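Asks: Here it is: the structure, laid out below.
The values are calculated or read from the model by the stated rules, or taken from the named source; none is laboratory data. In this text, all values refer to a predicted model and were calculated from it rather than measured experimentally. Don't worry about glycine lacking a Cβ; one is built from the backbone with ideal geometry, like all the others, and counts go over all protein chains shown. Accessible surface areas use protein heavy atoms only, side chains included; no ligands, DNA or RNA. Shrake-Rupley method; radii C 1.70, N 1.55, O 1.52, S 1.80 Å.
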Amino acid sequence: MAESAFQTGEVRFPKTGGTWTPLPNDTSGNKVRSHAVQTINATPEQIFNVYSRIELLPTWQEGVVSVEETGANTLHWKMEDPGTRAPVEFDSEILEAEQGKRHVSRITSGPSAGSTVILSLEPHPAGRGTMATMITDATVPGGWLTNAITAVVSRRPQQITTENLRHLKELIESGEIPTVEGQPAGRRGISGKLKQILLGENMPTPPGTRENARPEDMPTRNLLGSTPSKTLTTIGLIALPILVGTVIWASVSGDD
Amino acid sequence: MKAICWMGTGKVEVHTVDDPQIINPSDAIIRVTRTAICGSDLHLFDGYIPTMESGDILGHEFMGIVEEVGSSVTKLKRGDRVVIPFTIACGNCFFCHKDLWSLCDNTNPNARVCESMYGYSGSALFGYSHIYGGFAGGQAQYVRVPFADVGPIKIESDIDDEKVLFLSDIYPTGYQAAENANIQPGDTVAVFGCGPVGLFAIASAYMLGAGRVIAIDRFPERLALARDYCGATVIDYTDGNPSIVEALRDLSNGIGPDSIIDAVGMEAHGVDAAAIYDKIDQALMMETDRPTVLRQAIQAVRKGGTLSIPGVYGGDLDKLNFGAAFGKGLTMKMGQTNMHKYLKPLLDRVYAGQIDPSFLISHRIGMEDVPQMYKTWRDKKDGVTKVVIDPFRESGIEKLRA
Ligand SMILES: NC(=O)c1ccc[n+]([C@@H]2O[C@H](COP(=O)([O-])OP(=O)(O)OC[C@H]3O[C@@H](n4cnc5c(N)ncnc54)[C@H](O)[C@@H]3O)[C@@H](O)[C@H]2O)c1
Ligand SMILES: [Zn+2]
Ligand SMILES: [Zn+2]
């Protein structure tokens, strides 16, 4: 992704630059393509490990109830719309899993069959950790209209990609996902409750914390400037949470 | 427990709410021994910061005793006395590592809301609207503090609460304002606003080598603190309606102050035509902020000078002479305070006896007095210069100055 590596010392010209290529962000028919990009203070291997650890999936992805391995490269998902509790189940398969670099998976059953999600990882050229790019190409039942409705009552599908990558980053960097759920408040009243919905605060925060991960699955803190820790050999199966999220929210739009 | 809740514009009430619980493993629960009302709370009280929800617990300046800690907390234990910085930071993101704690990437649960308004989200803040995370604040008997190993500073002496309480916001905020003013030894610095932030900015400007600090306000008790405790040359901007630009020019040998600090922010008071225009505009929601002071500061500062802006702005500004800022080659620095960076060095200055931050407290009150005191604080009545709250006292207003 980096067009040119970070360079120190004398720069001489002419010097070849690059041209920006937009990442997918569009809607046509029942397809929603979106992307999210984050710099994460961890090595590509560490991020890959957290991302591919099946038991961690429900802790950082919105709406995931459980994920089970059903074969060498296949998973079965149970998800639930946080607003309506509407359940969705489907299967997914891993198409590519290259440790520390790239992960591609696809939904193989249910209304969103054919949706894919790609996570690409690359070390940051200036030592800030890893540049993580998540691209989802989702089949959304209901198409753009549903998409527009979900944008009001729930999350836009594009926003789900953003939130999932954000939550992954938060969990990896800080050991938890920030939340205010369960804190005290005075009487909210009708206007307070309405605002909560308008701000999307009715979406429960995934419960991820360092505590519910095995120590070897989570990077140690203060990685900036430190050397990568050992590379894991086993690669877990990966998830398609983002797609799933897209599907669920799209299919239950308007019920909140 | 009892907590101060925002119930709508101009409406603050004492409510009995649930006690806070540990939610995430890095949390601590603090029993609040002292808290305060800040000038920033007025922007909420007056309804200028969007995304407040009725029922929100207010307060971002507080300290107390650790009651309970989450399973991952290692630096604090039950019984420790701590002051809590008002910005919430994770301690391990790019921004925290760069000492830009108020811009932490990982603490705002509503980052998407902030992103839609500002492009990127800053850190979460206690008790400061949902765009900044919606965290319950510290004008309460107990409060939940996330990332308890990162923010709170332990107070390990028997120094009075009120001498260290303001490490939670206004003392570091005034100090950062002076740091952002890029002061060179002997410089002339002007400070608009002699509220708590302005007063600490004046003192800090001297700590950083200013030769002369000029302070502007209209309330005699505030000007008196600026002159008699902080050492400023003061101007009452309502006394005969002087031109502030001219006064500052004369006081800086004709070239303008090297730096100007805007410690007033979005709710500036003003008497000129532009200020009246702002009031109407703001009321009609045509602009969110009244940049009266910022306009004057741009005019008054010297060529190539620096504007430091600790005063809070929320959104669009109207009729701001950006051409003047450009034409004079100005530098502007601003933002929420990167609290964590300043706690230890500023506490050391208190221990060294350089400053007693409690100098500006005018009122000490109990919980039931808070709603009334918000109004007094807004209207700057009764000689108020800073209000501290004992959250375990029912009521009773003590005035600390004659
Ligand atoms: N950047 C931060 O992190 C941070 C932290 C705390 C407070 N603040 C902000 O700093 C500002 C000041 O806070 P405070 O607690 O001192 O509030 P305050 O309301 O007590 O003080 C503001 C002072 O400005 C004076 N003032 C108003 N209009 C003026 C004008 N036209 N010219 C000169 N003076 C004028 C008022 O008389 C008052 O004394 C607020 O905007 C507050 O939100 C920012
Ligand atoms: Zn404050
Ligand atoms: Zn951080």
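Asks: With every protein chain kept in place and ligands, DNA and RNA left out, what is the accessible area per residue of chain B? Probe 1.4 Å, answer in Å².
Replies: Details: 14530 Å² over 402 residues.
The answer is 36 Å² per residue.
Asks: Calculated from DSSP H runs of 4 or more alone, at -39500 (n - 2.57) each and per residue, what is the 222 nm mean residue ellipticity of the protein assembly as shown, nearest 500? Kindly include the intermediate steps, with their values, before the conclusion.
Replies: Details: 19 runs with 171 residues, N = 658.
Roughly -7500 deg cm²/dmol at 222 nm, from the helical runs in the protein assembly as shown.
Asks: What whole-number distance in Å separates the alpha-carbon centres of the range B:316-391 and the range B:1-67?
Replies: Here the two parts' Cα centres lie 17 Å apart.
Asks: Could you size up the charge dipole of the protein assembly as shown around its Cα centre, putting +1 on the beta carbon of Lys and Arg and -1 on that of Asp and Glu, and report it in debye to the nearest 20?
Replies: That gives the protein assembly as shown a dipole magnitude of about 980 debye.
Asks: Over 25 Å between C-alpha atoms is what I'm after, so list which of B:98/B:163; A:195/B:380; B:279/B:380; A:193/B:2; B:2/B:386; B:2/B:75 land there. Intermediate results must be reported in sequence, preceding the final value.
Replies: On the way: B:98/B:163 29 Å; A:195/B:380 31 Å; B:279/B:380 18 Å; A:193/B:2 21 Å; B:2/B:386 22 Å; B:2/B:75 28 Å.
Pairs exceeding 25 Å: B:98/B:163; A:195/B:380; B:2/B:75.
Asks: Taking each pair of different alpha-carbon atoms in chain B once, compute 1/r for the pair, average those values, and report the inverse of that mean as the Kirkwood hydrodynamic radius in Å to one decimal.
Replies: 21.2 Å
Asks: Need one number: buried accessible surface between chains B and A, 1.4 Å probe, both sides summed, DNA, RNA and ligands left out, in Å² to 100.
Replies: 3300 Å²
Asks: Ignoring ligands, DNA and RNA, what percent of the accessible area of the range B:292-376 is carbon or sulfur (1.4 Å)?
Replies: 52 percent
Asks: For B:98-106, what's the mean count of beta carbons from other chains sitting within 10 Å of each residue's beta carbon?
Replies: 3
Asks: Return the average number of partner chain Cβ atoms within 10 angstrom of each residue Cβ along peptide B:142-150.
Replies: Average neighbour count from other chains, rounded to a whole number: 2.
Asks: Taking all protein chains together and a probe of 1.4 Å, list B:397, B:84, B:276 from the most accessible to the least accessible.
Replies: From most exposed to least exposed: B:276, B:397, B:84.
Asks: With both bridge residues required to lie in chain B, what share of the DSSP beta bridges run antiparallel, to the nearest 5%?
Replies: Around 60 percent antiparallel, to the nearest 5.
Asks: If you average the sequence gap of Cα pairs under 8 Å that are 6 or more apart and divide by the length of the range B:221-301, what percent do you get for the contact order?
Replies: For the range B:221-301, the relative contact order is 29 percent.
Asks: Give me the net charge of residue B:262's neighbourhood, meaning all other residues with Cβ under 13 Å from the Cβ of residue B:262; Lys, Arg count +1, Asp, Glu -1.
Replies: Taking every Cβ under 13 Å from that of residue B:262, the sum is 0.
Asks: With the crude spin-label approximation of a point 7 Å out along Cα→Cβ, what separation in nm comes out for residue A:197 versus residue A:21?
Replies: 4.3 nm
Asks: While we're here: Report the one residue of B:206, B:312, B:232 whose Cα lies farthest in the direction of the positive end of the charge dipole of the range B:172-334 (charges on C-beta: Lys and Arg +1, Asp and Glu -1; origin at the Cα centre).
Replies: The residue sitting farthest along the positive end of the dipole is B:206.
Asks: If you don't mind, another one. If the only charges are +1 at each Lys and Arg Cβ and -1 at each Asp and Glu Cβ, what is the size of the charge dipole of the range B:1-102 around the Cα centre, to the nearest 20 debye?
Replies: Magnitude of the dipole: close to 400 debye.
Asks: Sticking with this one: Where the centroid of each part is defined by its Cα atoms, how far is the range B:108-133 from the range A:98-144 in Å?
Replies: 26 Å
Asks: Quote the relative contact order of the range B:172-334 in percent (integer), defining contacts as alpha-carbon pairs under 8 Å separated by 6+ residues.
Replies: Relative contact order, the range B:172-334: 23 percent.
Asks: Related question: How compact is the protein assembly as shown by the rule of thumb for globular proteins, expressed as Cα Rg over 2.2 N^0.38 Å?
Replies: This ratio for the protein assembly as shown stands at 1.02.
Asks: Sticking with this one: On average, how many beta carbons from a partner chain sit within 10 Å of the beta carbon of a residue in A:110-121? The partial results should precede the final answer.
Replies: Working: counts 0, 0, 0, 0, 0, 0, 0, 0, 0, 0, 0, 0.
If you average over the peptide's residues, the count of other-chain Cβ atoms is 0.
Asks: So how much accessible area does residue B:332 have, in Å² to the nearest 10, using a 1.4 Å probe?
Replies: Near enough 60 Å² of accessible area.
Asks: So what J values fall out for the range A:188-197 if you push phi through Karplus, 6.51 cos²θ - 1.76 cosθ + 1.60 with θ = phi - 60°, rounded to Hz, Gly and Pro as x?
Replies: Karplus-based 3J(HN,Hα) across the range A:188-197 equals 7, x, 5, 5, x, 5, 4, 4, 4, 5 Hz.
Asks: Could you tell me whether the range B:181-253 comes out rounded, prolate or oblate from its Cα gyration tensor? Rule is a ≥ b ≥ c as square roots of the eigenvalues, rounded for a/c under 1.5, then prolate if a/b exceeds b/c, otherwise oblate.
Replies: Oblate shape, in that a/c is at least 1.5 and b/c is the bigger or equal ratio.
Asks: Just for the protein assembly as shown, what percent of DSSP beta bridges are antiparallel, to the closest 5?
Replies: Values: 79 of 104 bridges.
Taking every DSSP beta bridge with both residues in the protein assembly as shown, the antiparallel ones total about 75 percent.
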